């Protein structure tokens, strides 16, 4: 399967630069897999498509302020790091700019010395392994110095960092938001619960895989990066209970899909636990747990678009995308949403 099969043309004006206000005012494109029917709704209408006995699964991962701006010690040249994966107590794998100037041994200064780093190793793909030194608690230093790691296609500055967090974000660790959840408000979640839908959470910390496009000529050649997940026992039990009673498992976002499909047994039973997943879902994959999905509009040739295409069919998804573009939907992280039934 060629990665070019998942390409499409998007005008730059369609890329959302700021989130909808309020959160649930974003548009909702509903795609019915069985007959390809499309409906155009507002996100706060989501409850009308859910039913008593369903279970809605959200990802409670919280984005850390993983973007650091500093200088190169000795020269004063500007540097930028994006923390991707913690390798040890004081060592992180990072994306670095300008990478060509940050060779092993380079010393870095952030916040006037509140945080210092040294490039330890050049990694494949332009990454850098960086060792850090600080006083106190690293997370406190990061909250003071770091900025939200907004995707590069968002050019406008975010005035409220909490708008790049879901309202149910709890577990710190993501380097990008699980954006399908950005549309929910506490009031909307309560309305969903009131109609007999159980809302449960899992955790998947979004990592390096989100930042790597599919550059291989064929889909099958692409290598996913591992991401940490945790499925609590109570969440697994709730999903299994709902499925056994004929309810649907509705995943909020591709991160939930990947997590649940990673931990499911062949018979569809969701198993509690934690670990690292490298699951890569593309057309031809047989889903074991997921019955419906809330998701955003994804980049061309991305693993996320491939996952959605595996769930709803490549032709149907690309047709829905073309209609969304024609009707002025907003795309990507701060954009509008899809519900795939």
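The values are calculated or read from the model by the stated rules, or taken from the named source; none is laboratory data. Fair warning: this is a prediction, and the values are worked out from it, not measured in the lab. As a convention, Cβ positions derive from the backbone with ideal geometry for all residues, glycine included, and neighbour counts pool all protein chains shown.
One table, with the values for the structure above:
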read-out: Flag for residue 259 being surrounded by 20 or more Cβ atoms within 10 Å (Cβ to Cβ), in contact (Cβ under 8 Å) with a residue 40 or more places away in the chain and under 15 Å from the mean Cα position of the chain (by Cα); value: yes
read-out: One residue from 180, 216, 176 being buried (at least 20 other Cβ atoms within 10 Å of the Cβ) and modelled with pLDDT under 95; value: 176
read-out: Check on residue 280, assigned to a loop (DSSP other than H, G, I, E, B) and buried (at least 17 other Cβ atoms within 10 Å of the Cβ); value: yes
read-out: Count of the range 265-294 residues which are closer than 16 Å to residue 55 by Cα and within 20 Å of the chain's Cα centre (by Cα); value: 6
read-out: From the options 63, 109, 119, residue that is surrounded by 16 or more Cβ atoms within 10 Å (Cβ to Cβ), closer than 30 Å to residue 339 by Cβ and touching a strand residue (DSSP E or B) at 6+ places or on another chain (Cβ under 7 Å); value: 63
read-out: Meets criteria (free of Cβ contacts under 8 Å to residues at least 60 places away in the same chain and in contact with a helix residue (DSSP H, G or I) (Cβ under 9 Å, 6 or more places away or on another chain)) for residue 90; value: yes
read-out: Hey, residue 230 assigned by TED's automatic domain parsing to the domain that holds residue 281, under 22 Å from residue 278 (Cβ atoms) and either without any contact (Cβ under 8 Å) to a residue 40 or more places away in the chain or assigned to a helix (DSSP H, G or I) (or both) or not; value: no
